[in-house]
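Visitor: Here's a structure for you.
The values are calculated or read from the model by the stated rules, or taken from the named source; none is laboratory data. Treat the numbers as computed from the prediction; the structure is a model and nothing was measured. Positions of Cβ are generated from backbone atoms using ideal geometry, with glycine treated the same way; all protein chains shown enter the neighbour counts. Each accessible area value is taken on the protein alone, full model and side chains, heavy atoms only, with ligands, DNA and RNA left out. Shrake-Rupley method; radii C 1.70, N 1.55, O 1.52, S 1.80 Å.
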Amino acid sequence: MPKQGMAADRRSRDEPMNSEVDVVVVGAGFAGLYTLHRLRRAGFSAVVLERADDVGGTWYWNRYPGARCDIESLDYSYSFDPELEKEWRWSERYATQPEILRYLGHVADRYDLRRDIRFETRIESATWDGAARRWRIRTDRGDEIRCRFYVMATGCLSVPKTPDVPGYGRFEGDVYFTGRWPHDGVDFTGKRVAVIGTGSSGIQSIPLIAEQAVQLTVFQRTPNFTRPAHNGPVTSTKKVAYERDRAAYREAARWSLAGVPSERSLVRALSVAPEERRAAYEAGYASGDLLAFSAAFADVGSNPEANETLCEFLREKIRSIVRDPETADALTPKNHYYGTKRPCLDTNYYETFNRPNVRLVDVRRDPIKTITEHGIDTASRSYGFDALVFATGFDALTGPIVAVDIRGREGRSLAEKWMDGPKTYLGLMTTGFPNFFMITGPGSPSVLSNMVVSIEQHVDWIAACLERMRAERLDVVEPTSVAEAGWVQHVNDCADITLFPTADSWYMGANVPGKPRVFLPYVGGVDRYRKTCDDVVRRAYLGLAFDGPGGARCADGVVNRLQLDVWTVLDLVTEFGLPRIETLSVPDARATFAAMAIGRPPGPEVGDVADGTLPGAAGPIAYRRYRPASPGPHPIVVYFHGGGWVLGDLESDDPFCRDLCCRSDAIVVSVEYRLAPEARFPAAVDDGFAAVRWIAANADRLGGVPGKLALCGWSAGGNIAAVICQMARAAGGPAIVGQVLVTPATDPDFTRASYVENGEGYILTTPMMKWFWDHYADPADRTQPKAAPLRARDLAGLPPALVVTCEFDPLRDEGAAYAEALAAAGVDTRHLPCRGQIHTSVPAVDVILSARGARAEIAAALRRFLGTTLGHAEQRRARPAVAAVPVGTG
Ligand code: NA7
C-alpha cells in the first residue's frame, strides 16, 4: 500500500464503553458539534463518536496546501449563538483550513463539547433492536453503546474515493491524498511532483505545490470551471450588511436559494442584450463570489443556450490568462455545462500553467497506462516523480453513510436498500430505519448550499422532533414508504428540469465506478427546502409514523406534490398580487390577461409566421399560420387558444403554437374566434367550425397537405376543438385525423372533486371558471353538447384523441371524464395525466420546464395522427428554459 502522510495514530487510554445514552452522533465536524450542543441544551444525553483525534471533520482531514472554504467565512460559520458570532473574527474573506479548524476547536471548548466526544473511535456497525427500541452501536474499540436515536453527522465529502488508476499502490515514492494530508505539512522543495485530479482540491493546491516543487505535472481528466476568489479581508459591503443587523442577515441566509443572502434572479440570460449579459458576467467574475452567476440570471442552471453564454465567457478568460494556446485549450471545459460539476474558486490557478516548472497532461488525450514504481506511464511516454498527490475526490453523500454497516428493521442493510441510489425522506430519514437521522443526507440541499446553514436547519429540526416525541411519550419515529417515495420522486423531478443530470459529476455519483447514476442532493433551494420541512411539522409531521406509550400516530402523505417550477410561478403570482379575474370588468380582465404574457419567453423560432383572415361564421376572423423550417408541404394542426371564451387572442398562446409547430413538424393555424360576452355561445364554436372547414378546403394555399388535418386546443380552446370534432362528425366532414385536448373544459359541473380540491391557489380558480361560463353561455345552453361535449349522447366515431389533464387543475376531472367517455365509445383515446402540474402549465413554454414531457407527448400524438416523422426542429429542442437553481456551493 502507498505510504500515507497521516497524523501519528494516537490511541486514547479509555476503556471500552458499554452504556446507554439518548443519542449517538457520528462525526465531530460542523454537524456533529452543533448536534451535540443542541441536544444537550434540549436535555438529551448524547455521545459523539469521532474517528480523528480531534474535532473538525472535513477541516481536520483536508490539510492540503491552499485548502480554504469558498463560501465566505462570515457566511460559513454558525449562527446559533449571537455571543459566538460576536467574539469570533475571521481574518480573511475565505478562511484557510487552519483558521476554520481553530474556529471549530474554539466552539468545542466554548461549549465544553469534548467531554462527550469519543475520539479515535470508528463506528463499525449500527443495528436496530426492534424489541428494545434501541440502536446498538459497535465501534472498533469494542464499545457497545445503546441509544434511542442514532444520528449520522458524517459530512458529504468525507470518504475519499480509492483512486481508480491502473497501477495504484505500485509507486515507491511519497504518496499523498488531499483528503488525508499529513498534519505536519509536506515540503516539496526540490521534488518532482505529480498531481492527479483537477477538482476543487487540485485547483486549490496546485498553485502552492508549484511554488515549491522543482517540477509539477498535473494529470487532468476533466477541466473544471474555476475563477479567481479575490481573497482578502472580508469585503466592506458584506461586513456592513452583516453588522447592520446580524439576526436579519442570518434569517435572510436561511430563506435564500443557497444559504447565503441573495435575491433569486428572474432575469433570463437570453432575454437581455449580449452587452448587458457580458457586463453581468464581468461583475460576477470580479466579485469572487461562487454564487454570483446563479444570482445573475435565472436560466443558466436549466437552459443549455443560456449556460453556453456563460461557459464561453469563462473560456475566453482562460484563453486570456494561459499563454500556451495548446495548454489553454486543454484547460478549457467543453464537456459539461457550467455548474453541473462543482465550480471552483482559485488563487492563481491558470497563471500557474504559465510557469516553466509546470506542465499539464490531458489524460483524455494521453491516458494513464499505469502508475509505476517511479512515476506514471501514459500512452505516449514515461514520467518520473518523487511524489504523487491524489486529488481524486470522494464517494460523495452516500459514501460516508453506507461505510457503516447500518441494519434497520428485520436486519435489513441500508447499503442494500440504497443499492440503486439513496432513498430518503427529506434527506433526513429513511424508511425501515427507525429513529435514524442523517445531517445533510442525500435528498437535502447539502452540497448545493452553504453547508453550515443546512446543518443548523437539520439539527434544529431533529432536535424539535425529539423534543416533541419526549413531550408526547413517543419513542419510535420512521418515515412511511408513501412519504419517502413521494420525496424521491420530487427530488428527481426537480433535478430533471436542470442541466445537472447531463454531467458526469459526483453530484450524479458518476465519479465512483459502479455507483448508481442518481442525482444526490436536492436542487429546490434552501428556502423551499426549509419551508417543506416546516410544512411537514405543521401538517402533524406529515409522512412520519410515530409509536410509543403515548400512542401510535401517522399523518401519511406526500409533501411537495407540485413541480418545482410550478411552485416558483405560483410564488411569483402571489408576490405580484394579481387581481382576481372574476372581480374585474371584461376589458380589465383582458388587459390583465394580456399583461401576464409580457416578458415571457417567446418560444422557439419557426420557419415563418404569417397573419391572415378567413371567413368565420359571422364575418372575417383572424388567424396566424406557423410553418416549420423543414421543406413542405406539411400537415395542418388547427389550434384554439384558451381564455375561458372571454379572454385571449392570437398572441396569448403564441409560444405554445411555435412549440407545437417545431415539435410536430406541422403547420399550426391558430384561429381567433369571437369572444363572449360580446358574442356568446355558440359563436366561438361556430367560428371554429367555419375556420376548420375553410382551412380544410384551402390546405394547399396554406402550404398544407389536403386531408391531413388535426385539431388542438387548450382550456376553452380544448372545449372548442372537442365540440368541432362532434360537429364535423354530424356534418360528415371535414375529415379530422386527430384531436389533442389540453386541460379542456368539457362540462360545467362544479361539484367534481377537482373543483373542490383545486378551486383556489392554482391560477385558474373555481370562481373564475364560473365567471367564464356565466359570460359564455346561459344555464340552459350549458348542458348542450355544443357547450359541454361530455354531455353528447354518443361519442362513437370521433377522431382519435389525446386528452391532457393536470393534477392541480379544477378542470382535471372533467378532462379525465371526457377521456374515459371517448374510450368507452370506442374512440382511440389516450389520457395523459400530468403530475404536479396546474391548468396553465402545458402552454407555458420555456417557463414550466417540467411540462416539457407533456409537450413532447402532445407532439408525438399529433405526429402519429398526421403520419409525420420527427422533425429536425424537435430534435434541437431538447432542453430549453427557466428555473432558478443554485449552481454549486460548499
Ligand atoms: P472532485 O471535485 O471530485 O475532483 C476530483 C478530480 O480528480 C476530478 O478532476 C476528477 O476528474 C479527477 N479524477 C478522479 N479519478 C481520476 C482518475 N482515475 N484519473 C484521472 N483523474 C481522476 O474532488 P475534490 O476533492 O477536488 O473536491 C471535492 C469537493 O470538496 C469540492 O467540490 C468542494 O465541494 C469541496 P473527473 O472530473 O472525474 O473527470
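Visitor: For region 94-106, in order, what is each residue's ³J(HN,Hα) by Karplus, 6.51 cos²θ - 1.76 cosθ + 1.60 with θ = phi - 60°, in whole Hz (x at glycine and Pro)?
Guide: Once rounded to whole Hz, the list reads 10, 5, 6, 4, x, 5, 5, 5, 4, 4, 5, x, 4.
Visitor: Looking at the square roots a ≥ b ≥ c of the eigenvalues of the Cα gyration tensor of region 750-809, which shape do they give, rounded for a/c under 1.5, prolate if a/b is larger than b/c, or oblate?
Guide: Note, shape of region 750-809 comes out oblate.
Visitor: Are there trypsin sites (Lys or Arg not before Pro) in region 70-161 that DSSP puts in a loop and that have at most 16 other Cβ atoms within 10 Å, and which ones? Working shown, then result.
Guide: Working: sites: Lys86, Arg89, Arg93, Arg102, Arg110, Arg114, Arg115, Arg118, Arg122, Arg133, Arg134, Arg136, Arg138, Arg141, Arg146, Arg148, Lys161; in loops: Arg89, Arg93, Arg122, Arg133, Arg141, Lys161.
Here the trypsin sites (Lys or Arg not before Pro) that fit, given the DSSP loop and packing criteria, are Arg89, Arg122, Arg133.
Visitor: How big is region 15-146 on each of its three principal axes, counting only the C-alpha atoms and giving the largest first in Å?
Guide: So the extents along the principal axes, rounded to whole Å, are 52, 32, 24.
Visitor: Shifting gears a bit: Given points 7 Å out from each Cα along the Cα-Cβ axis, report the Glu172 to Ala485 separation in nanometres with one decimal.
Guide: Calculated label separation equals 6.0 nm.
Visitor: For a protection proxy built on the mean count of beta-carbon atoms within 10 angstrom, sort 32-41, 840-849 highest first, please.
Guide: 840-849, 32-41
Visitor: In the chain, carbon and sulfur make up what percent of the accessible area (probe 1.4 Å)?
Guide: Working: 16560 of 32330 Å².
For the chain, the apolar C and S fraction of the accessible surface comes to 51 percent.
Visitor: Let me ask something additional. For the chain, with only Lys/Arg (+1) and Asp/Glu (-1) charged at the beta-carbon, what is the dipole magnitude about the Cα centre, in debye rounded to 20?
Guide: Dipole magnitude for the chain comes out near 1000 debye.
Visitor: Which FRET efficiency value, to the nearest 0.05, is calculated for His230 and Ile598 with the Förster distance at 30 angstrom and r the Cβ-Cβ distance?
Guide: Given R0 = 30 Å and the Cβ-Cβ separation, E is 0.20.
Visitor: With θ set to phi - 60° and the Karplus curve 6.51 cos²θ - 1.76 cosθ + 1.60, what are the ³J(HN,Hα) couplings of region 701-708 in order, to the nearest whole Hz, using x for Gly and Pro?
Guide: These are the phi-based 3J(HN,Hα) values: 4, 8, x, x, 9, x, x, 10 Hz.
Visitor: Starting from the Kirkwood Rh over alpha-carbon pairs, what translational D in µm² s⁻¹ does region 632-704 have by Stokes-Einstein at 37 °C and 0.692 mPa s? List each step's numbers first, then the result.
Guide: Values: Rh = 12.9 Å.
Result for D is 255 µm²/s.
Visitor: How large, in Å, is the chain by the Kirkwood hydrodynamic radius built from its alpha-carbon pairs?
Guide: Result for the chain, one decimal place: 30.1 Å.
Visitor: Using only alpha carbon pairs under 8 Å that are at least six residues apart, calculate the relative contact order of region 575-664 and give it in whole percent.
Guide: Values: 83 pairs, mean separation 28.2, N = 90.
Reported as a whole number, the value is 31 percent.
Visitor: Return the aspartates and glutamates within reach of Lys239: Cα separation strictly under 14 angstrom, same-chain partners fewer than 8 residues apart disregarded; answer none if there are no such residues.
Guide: List returned: Glu72, Asp75, Glu85, Glu92.
Visitor: Please state the relative contact order of the chain as a whole percent: Cα pairs under 8 Å, 6+ residues apart?
Guide: Relative contact order for the chain comes out at 12 percent.
Visitor: So which GluC sites (Glu not before Pro) in region 146-250 end up in coil per DSSP with only 12 or fewer other C-beta atoms within 10 Å?
Guide: Glu172
Visitor: If you don't mind, another one. With Rg and the Kirkwood Rh both taken from Cα atoms, where does Rg over Rh land for region 535-575?
Guide: That ratio is 1.21, to two decimals.
Visitor: Now for a different question. Using the Karplus equation 6.51 cos²θ - 1.76 cosθ + 1.60 (θ = phi - 60°), what ³J(HN,Hα) coupling, rounded to whole Hz, does each residue of region 136-150 give in order, writing x for Gly and Pro?
Guide: Karplus-based 3J(HN,Hα) across region 136-150 equals 10, 10, 10, 10, 6, 9, x, 5, 10, 10, 9, 8, 7, 10, 10 Hz.
Visitor: Taking the Cα atoms of region 693-798, what is the range of coordinates along each of the three principal axes, in descending order and whole Å?
Guide: Ordered largest first, region 693-798 gives principal extents of 46, 28, 23 Å.
Visitor: Taking amide H positions as placed in the peptide plane 1.01 Å from N, state which residues far from Thr829 in sequence (5 or more) or on other chains have amide H under 5 Å from it.
Guide: Under 5 Å from the amide H of Thr829: Ala801.
Visitor: How do Phe865, Phe149 stack up against each other in accessible area, from largest to smallest, with a 1.4 angstrom probe? All intermediate terms of the calculation are to be shown ahead of the outcome.
Guide: Numbers: Phe865 25, Phe149 0 Å².
Order by accessible area, largest first: Phe865, Phe149.
Visitor: Can you return the lysines within cross-link range of Lys786? Criterion is Cα-Cα under 26 Å, with same-chain partners fewer than 8 residues away left out.
Guide: Lys708, Lys770
Visitor: Starting from the Cα gyration tensor of region 83-160, take the square roots of the eigenvalues, sort them a ≥ b ≥ c, and report rounded, prolate or oblate (rounded when a/c is under 1.5, otherwise prolate if a/b is larger than b/c, else oblate).
Guide: Prolate, because a/c is 1.5 or more and a/b exceeds b/c.
Visitor: Sticking with this one: Just the Cα atoms of region 534-632: what Rg and Dmax do they give in Å?
Guide: When restricted to Cα atoms, region 534-632 yields Rg and Dmax of 24.5, 77 Å.
Visitor: What number, rounded to the nearest 500 deg cm²/dmol, is the helix-based mean residue ellipticity at 222 nm of the chain, given -39500 (n - 2.57) per DSSP H run of at least four residues and division by all its residues? Walk me through the intermediate numbers first.
Guide: Working: 28 runs with 291 residues, N = 890.
Mean residue ellipticity at 222 nm (helix-derived): -9500 deg cm²/dmol.
Visitor: Also, quick follow-up: Out of region 673-770, which GluC sites (Glu not before Pro) are coil in DSSP terms and have no more than 15 other C-beta atoms within 10 Å? It would help to have the intermediate numbers written out before the result.
Guide: Values: sites: Glu678, Glu757, Glu760; in loops: Glu678, Glu760.
Of the GluC sites (Glu not before Pro), the ones in loops of region 673-770 whose Cβ has at most 15 other Cβ atoms within 10 Å are Glu678, Glu760.
Visitor: Say the dipole of the chain comes from +1 at the beta carbon of Lys and Arg and -1 at that of Asp and Glu; which of His37, Ala273, Ala132 then lies farthest toward its positive end?
Guide: Ala132
Visitor: With unit charges on the beta carbon (Lys/Arg positive, Asp/Glu negative), name the residue among Val637, Ile667, Leu650 whose Cα is farthest towards the positive pole of the charge dipole of region 636-682.
Guide: Val637
Visitor: Could I ask something else about it? With a cut-off of 8 Å between alpha carbons and a minimum separation of six or more residues, what is the relative contact order of region 478-628 in percent?
Guide: Once divided by the residue count of region 478-628, the mean separation gives 19 percent.
Visitor: Let me ask you something else. Considering amide H positions built from the backbone, and no H for Pro or chain starts, which residues 5 or more places from Val195, or on another chain, come under 5 Å of its amide H?
Guide: Amide H neighbours of Val195, under 5 Å, 5+ apart: Thr217, Val218, Phe219, Val389.
Visitor: Let me ask something additional. At 1.4 Å probe size, with every protein chain present, just tell me what the per residue accessible area of region 668-795 comes to in Å².
Guide: Each residue of region 668-795 exposes 34 Å² on average to a 1.4 Å probe.
Visitor: Name the residue from Cys156, Thr840, Ala861 whose Cα lies farthest towards the positive end of the charge dipole of the chain, charges +1 on Cβ of Lys and Arg and -1 on Cβ of Asp and Glu.
Guide: Sorting the options by dipole projection puts first Cys156.
Visitor: Next question. Which aspartates and glutamates have a Cα lying under 14 Å from the Cα of Lys341, excluding residues fewer than 8 positions away in the same chain?
Guide: Asp504
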